[in-house]
1. Give the average, rounded to an integer, of partner chain Cβ atoms located within 10 angstrom of each Cβ in B:63-70.
2. Decide, for the range A:229-368, between rounded, prolate and oblate: order the square roots of the alpha carbon gyration tensor eigenvalues as a ≥ b ≥ c, take rounded if a/c falls under 1.5, and otherwise choose prolate if a/b is larger than b/c, else oblate.
3. For the range A:24-543, with every protein chain kept in place, what is the accessible area per residue (1.4 Å probe, Å²)?
4. Compute the Cα gyration tensor for the range B:51-203, then decide on rounded, prolate or oblate, letting a ≥ b ≥ c be the square roots of its eigenvalues: rounded whenever a/c is under 1.5, prolate when a/b is larger than b/c in the other cases, and oblate in all that remain.
5. Cut-off under 30 Å on the C-alpha distance; same-chain residues fewer than 8 positions from B:Lys12 excluded. Which lysines are left, in chain and number order?
6. Among rounded, prolate and oblate, which fits chain A when a ≥ b ≥ c are the square roots of the eigenvalues of its C-alpha gyration tensor, a/c under 1.5 means rounded, and a/b larger than b/c means prolate?
7. Ignoring ligands, DNA and RNA, how much accessible area is buried between chains A and B, both sides summed, with a 1.4 Å probe, to the nearest 100 Å²?
8. When you look at the Cβ of every residue in A:338-348, what mean number of other chain Cβ atoms sits within 10 Å?
Amino acid sequence: MSAVAEHDDHHDHHDDHDHGPAKGLLRWVITTNHKDIGTLYLLFALAMFFVGGSMAMVIRAELFEPGLQFVDPAFFNSMTTMHALVMVFGAVMPAFVGLANWQIPLMIGAADMALPRMNNMSFWMLVAGVLLLASTLFMEGGAPNGGWTLYPPLVLQPITVGKALPFAIFSVHLLGISSIMGAINIIATILNMRAPAMRLMDMPLFVWTWLITAFLLIAVMPVFAGAVTMLLTDKFFHTSFFNAAGGGDPVLYEHIFWFFGHPEVYIMILPTFGVASTIIPVFARKPLFGYASMVWATASIAFLSFIVWAHHMFTVGMPIAGELYFMYATMIIAVPTGVKVFNWTATMWKGAMTFETPMLFSIAFVVLFTMGGFTGLMMSIAPSDFQYHDTYFIVAHFHYTLVPASIFILMAAGYFWLPKWTGHMYNEKIGQLHFWLSVISVNILFFPQHFLGLAGMPRRIPDYAIQFADWNMISSIGGFIFGASQLLFLYIVYDTIKGGTGEKVTDEVWEDASKHGLEWTLPSPVPYHTWTTPPSAVPTEHVLDTH
Amino acid sequence: MSTNTAYYIPHKATWPVIGTAGLMIMLAGFANYLNGSSIGSTMMLIGLIIFIVMLVGWFTLQAKESESGMYNHGVGISYRMGMMWFIFSEIAFFGVFFGTLWYTRNLSVPWLGSGATKEILYSAYQSTWPTNGPGNVGGHFEPMGAWGLPFVNTLLLLSSGVTCTWAHHGLLANHREQLIKGLAATVFLGLLFVGFQAMEYHEAYTEMGLTLGSGIYGSTFFMLTGFHGFHVCVGAIILSVVLFRSAKGHFKPENHFAFEAAAWYWHFVDVVWLGLFIFVYLM
Ligand code: HEM
Ligand SMILES: [Cu+2]
């Protein structure tokens, strides 16, 4: 595909060329431009980050002291459920799709996503899904409060659902459609729209990780859709899928859910890896160490993610062979994950490093994600997991893998690419302040939860025995600081879009960045249309050792 | 002007947001309906109408663009990839229900009739298949045999796969009549299939006591065959659109993505049926 034709639906031939965006608000509704849609995704995700964050603040406020303070238990449980659903499906996943929209075409030298109309639709499906989900907050009986995993039979009890259940289920369907359409688009773009000069093994790791993530999405979102569809029919159409009296089995739901759920956690972490692998070499001023091994590690993690799901169910009463199999299989994931951590470290080794905000967040990611990985490894030991399961230890584990990992890297990505997108430099002082506040408070927030969990404090409980009081209070204080610090990020995004420091950024933005990625060879701010003719050569600094 | 060598990138799109709104209204309506709210069915109807308008509008637009030569080879590849991965996601969706059938037949039902469960909870229960569970959920029922209507339906769908391929050969050889006849036969066989399945369901509900509520056997039976039947309907609608377009003279031997997509989808539905016939009816 050489040149690119630009048209709108109605063939107005007089202005076929040099199309700017449509005027007014409508632009955002009907846009098919990958940058517009990327912006929509990112802003939506940011908004949801604060919605989900407020719910976390409610949780931490209630847990500040033992006893029931502010909210009633059912509402508390709604908050834990909705916090997870909003963060996973409304914030982290859309944020990465937003980055994919912005960056993949820029990085592979494509004029746009392969299927621009569908791109628009997947964004609006996301909004529709989140609207249905959020509407349950205002319903009789409140939002779902059986946990984000929606386990039957709990979630089918009238008391736990009120009127919310069908809305939550259809919300999952819409979010699933959105994700699948987004993923199909990403795969088609990567495989079909690359600049001719770019071979698969030349692609930046962000592109690679998204290619694999998109595959995971297409494989498992329908599985989740199927699972909740059976919840729906069990509740409203007399089926017995999860009802033992009729020959079904509630444990079957757990199997299906986690067959989706485990790959789902990798859907949130693989693009994280991709961004980290993009940022670290730039600030270490070295090529990424072990490009090919990074690609293979990503692929093996994705493959393994399909065969380890029951490590979430060690205490459910599986046959012993099952326990053993899932234990060893899970441990194996630590190998490719270790390869990655090693490679990031080796990339920094003897590098001429500087510590701008994106790099700070990335380094914190490497360290703190590794902690989350280690607790994961602890929990993969089935007999030990009998102690950890459903306690705050797990809460600590997955928050380490998600907050100082996925969320930190999303922040890093914001600092890294915002200057490119807007042409303005963010305020480095505030950025550094944001980083230090975040990295300290996130540890005050989550580290004590390890102790709480080991001491036996169960998760998803609004009240607790007094021996847990001290660490909970400390954790809550960390939580409030962390929550408040994120307002700085909001300010920085706003400020940078409005002009930032006023300093004019260069096309490269970061020293020698154009050696690392195609996007840095474009002007800053990036024009509305880019790569209408594909670049003739691509940077290969990052793949030096594979050629 | 567009040329055949450029990758076509549309500039704005109004149908996606309309379709999304339609689907959302429809689903919100369905949820309200399930909650016993009176506005539910009206919302569903409104949503459905919006959704259908979107489908007609969007497909008309695509057909127009395709016929005016706006899609080059690259666009064709993107569309084919899109369809392929969409079918892949459908396979995953059906996989859940086949997996459920496997799990319940081979694991949960035997567990219910053995060990501690049998000793303490359900001492009278003999685990067999088909079953509606130890609670005799849904009351007495007769299982669905394989060699009546289901076998006829197997033959129907298999022959529809043949007619579909025959139509494709016609299209490739520019034998328009063969194309149209083949498509018409495929749609006809598909509709016949749906009709027979409706008869089968009717018999199940009225004479055999077999319903969606007949324990795990009824649940898996109707869920699997029901979703499949729904897909046959969708496939038949897509094929009718392709038939309609063929009658209007659309498609060329070297450019007929819509036909291919419809055919792939139809073959997919066909293969799912074979799985159903073996695992739901025969075994
Ligand atoms: C290094 C490899 C990892 C291992 C070995 C691992 C292992 C585990 C195990 C065994 C559990 C179940 C604990 C229990 O319920 O008793 C678990 C839970 C969890 N993990 Fe990981 N994990 C790893 C990485 C990750 C990553 C990268 C993420 C997310 C980005 C993640 C997110 C989660 C979540 C969300 C849960 C809890 C789900 C829930 O019950 O609500 N894990 N992990
Ligand atoms: Cu897992």
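1. The shielding value for this peptide is 1.
2. Values: a/c = 3.84, a/b = 2.50, b/c = 1.54.
Taking the square roots of the gyration eigenvalues as a ≥ b ≥ c, the range A:229-368 is prolate.
3. Working: 16620 Å² over 520 residues.
Per-residue value: 32 Å².
4. Values: a/c = 3.20, a/b = 2.14, b/c = 1.50.
Prolate shape, in that a/c is at least 1.5 and a/b is the bigger ratio.
5. Cross-link targets: A:Lys23, A:Lys35, A:Lys420, A:Lys498, B:Lys64, B:Lys248, B:Lys252.
6. prolate
7. Numbers: alone 21530 and 15680 Å², together 31090 Å².
Chains A and B together bury approximately 6100 Å².
8. Numbers: counts 0, 0, 0, 0, 0, 0, 0, 0, 0, 0, 0.
Per-residue shielding by partner chains comes out at 0.
The values are calculated or read from the model by the stated rules, or taken from the named source; none is laboratory data. Quick caveat: nothing in here was measured; it's all calculated off a predicted structure. All Cβ positions, glycine included, derive from the backbone under ideal geometry; neighbour counts span all protein chains shown. The area values use the complete protein model at the heavy-atom level, side chains included, leaving out ligands, DNA and RNA. Shrake-Rupley method; radii C 1.70, N 1.55, O 1.52, S 1.80 Å.
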